[in-house]
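Below is one structure, written out as structure tokens; the observations come after it.
The values are calculated or read from the model by the stated rules, or taken from the named source; none is laboratory data. From a predicted model like this one, the values you see are computed outputs, not experimental measurements. Cβ sites come from the backbone with ideal geometry, for glycine too, and all protein chains shown count toward neighbours.
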Amino acid sequence: MKNHKIILHSIFLLAVIIIQAYFPIIYLGSLTISPDITLVYISIMAILYGRFNIIFIAFFLGLFQDLISQVTLLGLFSFLKTLAAYGIGSINLHDSVWNRKVQSSVIIVTYFIHFFLYFYVVINDSASWIVILQYSFLQTIFTFGIFWLLNRFIFGRRLT
Amino acid sequence: MKSNWIVSFHRDAIALGISLLVSLILLFSNKSPFIDALEADITDGYLILTSPQRWYRDILSTKEQNSLLAQKAIQLQLLYSQNEHFRVENDHLRRMLNFASINPLSLLPANITNRHSAMLQSVIIDVGKNHDVRKNQPVIDMAGLMGKTISIGEIATKVQLITDKNYRVSIRVGEKKSLGIFLPSHGRFGILEGVRKSMELNVGEIAYTSGISDIYPANIPVARVTSVNSNNDRPFQDVTVEILVDLQNFNYVFVVQ
């Protein structure tokens with residue numbers, strides 16, 4: 001039974017990586033937005049199963065993302081994904097205490113911190129706070145949009 | 001018993017601590033041979049994973065590319081006849097001046113396989129050790145410099161893009177070919193450092209690779225000057241540039257060998 005679950009989750013994990021690779025980029029003027037599917041997956045898993053195991057899954061997913069997309073900042077995504085998993089995993093702990101609005105706020109704030117820290121490190125211009133905020137804000141909106149759609153239509157609002 | 005309770009109570013925090021610590025170790029020492037080898041293997045694996053994507057993108061873009069190439073072929077044919085004339089004249093003058101002939105760049109065509117980040121810092125191309133690609137070879141497209149090879153797998157290579165935070169390239173710009181260093185800032189913009197105030201620089205001028213480094217041959221276009229400011233208290237001008245390569249719409253690139 002346990003093996004069956006492990007295989008199922010491994011398939012899901014592989015599917016997430018493939019979806020992330022194939023997911024189209026959204027062009028908004030000069031900005032390019034690419035919703036972070038791995039972050040959505042980590043959020044769902046952290047809410048459903050708590051944060052202990054998901055912290056490690058998030059670390060390895062982040063590391064994979066690092067190995068594909070980073071050159072000199074290897075470890076950045078694994079750091080941020082781990083933090084995000086810890087933050088969103090707190091929804092599972094406070095499920096009966098926090099209402100839907102609070103839970104959604106926790107997710108949005110965690111997403112924003114994740115993207116803000118990422119772009120703060122990646123963007124090489126100290127005078128471009130507006131650009132960093134623009135990217136962080138838009139990435140948060142699109143990524144949360146995908147989470148919201150999945151929660152609404154696939155999970156029947158069981159997540160938040 | 002008590003220690004078990006403490007461990008189970010704090011296990012989330014311990015897991016977080018361990019993961020963050022490992023991430024930070026990776027972040028501050030990510031150029032070990034083990035990481036290099038892992039990076040190359042993952043790059044190869046990713047190429048296989050995204051091969052259907054390349055296949056359908058190839059089909060979709062072939063027709064469009066074909067008509068563009070036909071148009072380019074006619075233009076180039078006209079240029080060719082003109083250049084042929086110049087070549088003969090050039091050869092003659094070189095012989096007179098006893099100059100050595102310049103070898104043209106040897107280019108290896110490659111296909112981009114990934115572009116999943118909003119702020120691209122690296123891409124994967126479908127050539128590797130099997131195609132004699134080595135580390136630190138320049139990658140260009142028709143518009144100019146795109147980056148350099150970083151991690152080489154058997155069939156795929158990771159390319160550090162010109163937009164990467166830590167990318168630097170020595171350039172020459174302006175009529176006097178003054179030296180400077182190109183640094184990316186954000187999006188498709190960058191800055192030129194070290195351009196002295198005495199050098200006259202105009203908006204629209206192109207910065208080319210200087211040829212000083214061992215990696216880049218000279219005269220590859222890098223960026224176009226978008227603004228120049230000499231009113232500062234430093235000996236150098238503030239020069240903002242726009243990268244020539246369109247990093248949102250590329251498919252085919254060339255590795256300079």
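Numbers at a glance
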| item | result |
| --- | --- |
| Restricting segment B:92-122 to residues that are out of contact with any Leu (no Cβ under 9 Å at 6 or more places or on another chain) and at pLDDT 80 or above, the residue that is farthest from the other protein chains (Cβ to nearest Cβ) | B:Ser106 |
| Residues of segment B:141-176 that turn out to be part of a loop (DSSP other than H, G, I, E, B) and either in contact (Cβ under 8 Å) with a residue 24 or more places away in the chain or within 12 Å of chain A (Cβ to nearest Cβ) (or both), as a count | 17 |
| Long-range neighbours under 8 Å by Cβ, at least six apart or interchain, first residue aromatic (Phe, Trp, Tyr) within segment A:60-83, second in a loop (DSSP other than H, G, I, E, B) | A:Phe77/A:Gln70 |
| Of the criteria (1) in contact (Cβ under 8 Å) with a residue 12 or more places away in the chain; (2) in contact with a helix residue (DSSP H, G or I) (Cβ under 8 Å, 6 or more places away or on another chain), which one B:Leu49 fails | (1) |
| From the options B:Ser8, B:Ser51, B:Ser23, B:Ser32, residue that is modelled with pLDDT under 80, within 12 Å of chain A (Cβ to nearest Cβ) and closer than 30 Å to A:Thr72 by Cα | B:Ser32 |
| Residue check, A:Ile141 more than 10 Å from chain B (Cβ to nearest Cβ), buried (at least 23 other Cβ atoms within 10 Å of the Cβ) and either under 18 Å from the mean Cα position of the chain (by Cα) or of a type in the set (A, V, I, L, M) (or both) | no |
| All helices (runs of 4 or more DSSP H) inside segment A:36-125 with 3 or more residues being more than 13 Å from chain B (Cβ to nearest Cβ) | A:37-49, A:100-122 |
| Answer from B:Gly174, B:Gly190, B:Gly194, B:Gly204 - the residue that is crowded, with 23+ Cβ neighbours inside 10 Å, of a type outside the set (A, V, I, L, M) and farther than 12 Å from B:Leu145 by Cα | B:Gly190 |
| Residue within segment A:4-20 that is of a type in the set (A, V, I, L, M, F, W, C), in contact with a strand residue (DSSP E or B) (Cβ under 8 Å, 6 or more places away or on another chain) and without any contact (Cβ under 8 Å) to a residue 24 or more places away in the chain present | no |
| Matching option when the condition is out of contact with any His (no Cβ under 8 Å at 6 or more places or on another chain), at pLDDT below 90 and of a type in the set (A, V, I, L, M, F, W, C), among B:Ile212, B:Ile181 | B:Ile212 |
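One line per residue, one yes/no per condition, for (1) surrounded by 12 or more Cβ atoms within 10 Å (Cβ to Cβ); (2) closer than 30 Å to A:Val71 by Cα:
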residue	(1), (2)
B:Ala40	yes, yes
B:Ile48	no, yes
B:Asp58	yes, yes
B:Asn66	no, no
B:Ala73	no, no
B:Gln82	no, no
